[in-house]
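Peer 1: One structure, pasted below without further comment.
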Amino acid sequence: MIAPTIADTFISLAAFCGLIVLIRTIRSFDAESPLTRRFLFGLRVLAALMVSRVLAWWTGLFVFEAATIIAAGLVPLATIILAEGLMRRHAPRLTKWIAAGGAATFAVLAFLPTSVADPWRFLGLFVYQLVTFALAGHMAVTRDRKSLSRAENQAVDRIALSLLLILPLLVTDFRSTYIDLPVRLGGVAILFLCWLLISLGQRAASHRDSVSAFVILTAVALTAALAIGAENGFDAAAFTRTAAIVTAAALLGTLWNDTISLRTEHRRQSLIRHLAEDRIDDTLVFLKELQNHPLVEGALLLEEAELADLDLAGLKRLLAARPLLRATETADLAQTDAELLAWLTEKYEATHLMLVSRKPFRLIALNMPSVSATPGAETELKVVQRMALLISERMHDRDP
């Protein structure tokens, strides 16, 4: 196995892994909407392209070579389908004919022997992809921005930006006897596209942030490759392959880390969803459903009878002033209040005590140490506490 094939294999497999991570993330959030299905179709086509060409390189079997060409022919069609969904309008008829006709044509040409079809099939695929991507870019540039929401415009801009940055890398995947580059960079382009798509879930990240992060990551990867190359006496081709491998590995790691952050944010928002979706006409039902949410799973609901051995008057006075108490707040309290709080948090192994009803008197003891590192989650917890208290007071006022 020659060195360029090893580098190409690593980069393609890294892109395949990145696509699988992105597909799983998108499906976990919203797998049923029409736009999501269009996204998933395009991502699955790219994943099939990456894995089929690796299998073709390593086995030399005709079936995998044909699958690679079919998948490559479907990429422009998937791009136009996604562009229509993002911009909520049909592509021009000519664009549809080019995209669909090209995909069908290469699905047939894929089964021709290489000796018969190439290099014309190779050249035709390159022109077909280039023209279709240009047409998709034209749709993005000429779209009616006022007809789309801010989030939709951001998604279109982000994908258009990714195409602008990755098209030069995709060109390196087209090799011939006249052009023999050290490594295929299409996998790196796909990883960057996955990264930009993941960043759509991070509303605070701007286009400039994404480009700056990409530049920094690329610069670090090139520096690392330069150090490795200098240490081992690599020539220009070996240095290029090393830089591509390091960049692909860094992008895959960053993509995985951003995915974990999105999932963590998704779980953290479960308290807000609890307020928006669960029942709010019964305090006990509300609190029992709250106990099933990941952030406060296993929270204990304490009735007044269970607290009878304590100084109830003092506990009620304390929680009336501070309805949400952390175990770490003992230093800010009077000695008797601090001792009461310390005893309760130690007995129930809790990090927080939350007043949820005055009549009858009810507390929730929960263990959520991660809140200390996430101020947003604690704010949501305060909202839940106030909602529970309001529900109980409304029920009390309603009862005769």
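Peer 1: I want to check the label-to-label distance for A321 and K347. Put each point 7 Å from Cα in the C-beta direction and report it in nm to one decimal.
Peer 2: For the pair A321/K347, the computed spacing is 2.1 nm.
Peer 1: Residue separation times 0.36 nm, minus the C-alpha to C-alpha distance between R27 and L310: what's the value? Show your work: numbers first, answer last.
Peer 2: On the way: separation 283, 0.36 × 283 = 101.88 nm, distance 4.93 nm.
My answer for the length gained is 96.9 nm.
Peer 1: Hey, got a sec? Which chymotrypsin sites (Phe, Trp or Tyr not before Pro) in region 90-138 land in a DSSP loop and have at most 15 other Cβ atoms within 10 Å?
Peer 2: Working: sites: W97, F106, F111, W120, F122, F126, Y128, F133; in loops: F111.
Sites meeting the loop and neighbour criteria: F111.
Peer 1: Mind giving me the FRET efficiency for W58 and E303? R0 is 60 Å, r the Cβ-Cβ distance, nearest 0.05 is fine.
Peer 2: Numbers: r = 66 Å, r/R0 = 1.09.
So, using R0 = 60 Å, E works out to roughly 0.35.
Peer 1: I'd like the accessible area for D118: 1.4 Å probe, protein heavy atoms, all chains in place, Å² to the nearest 10.
Peer 2: Counting only protein heavy atoms, the figure is 60 Å².
Peer 1: Hey, another quick one. Given a 1.4 Å probe and heavy atoms of the protein chains only, how would you sort S149, S392, largest accessible area at the top? Don't skip to the end; give the middle numbers.
Peer 2: Details: S149 55, S392 10 Å².
Output order, biggest surface exposure first: S149, S392.
Peer 1: Turning to a different aspect of this structure: When only the heavy atoms of the protein chains count and the probe is 1.4 Å, how do H352, H90, H138 rank by accessible area, highest first?
Peer 2: Details: H352 5, H90 140, H138 115 Å².
Ranked list, largest accessible area first: H90, H138, H352.
Peer 1: What does the accessible area per residue of region 97-147 come to in Å², with a 1.4 Å probe and no ligands, DNA or RNA counted? Write out the running numbers ahead of the final one.
Peer 2: On the way: 3040 Å² over 51 residues.
That works out to 60 Å² per residue.
Peer 1: Could you give the length gained by full extension between A107 and R44, i.e. 0.36 nm per residue of separation minus their alpha carbon distance, to one decimal place? It would help to have the intermediate numbers written out before the result.
Peer 2: Details: separation 63, 0.36 × 63 = 22.68 nm, distance 1.66 nm.
Gain on stretching A107 to R44: 21.0 nm.
Peer 1: Send over a whole-number figure in Å² for the accessible area per residue of region 1-88, probe 1.4 Å. Mind showing how you got there, number by number?
Peer 2: On the way: 3850 Å² over 88 residues.
Result: 44 Å² of accessible area for each residue.
Peer 1: Which percent of the accessible heavy-atom area of region 83-142 goes to carbon and sulfur, probe 1.4 angstrom? Don't skip to the answer; put the middle values down first.
Peer 2: Working: 2640 of 3470 Å².
The nonpolar share, carbon plus sulfur, comes to 76 percent.
The values are calculated or read from the model by the stated rules, or taken from the named source; none is laboratory data. Since this is a predicted model, take the numbers as computed values, not measurements. Note that each Cβ is placed from the backbone with ideal geometry, even for glycine, and that neighbours are counted across all protein chains shown. Just so you know, the surface numbers come from the protein's heavy atoms only, side chains and all, with ligands and any DNA or RNA stripped out. Shrake-Rupley method; radii C 1.70, N 1.55, O 1.52, S 1.80 Å.
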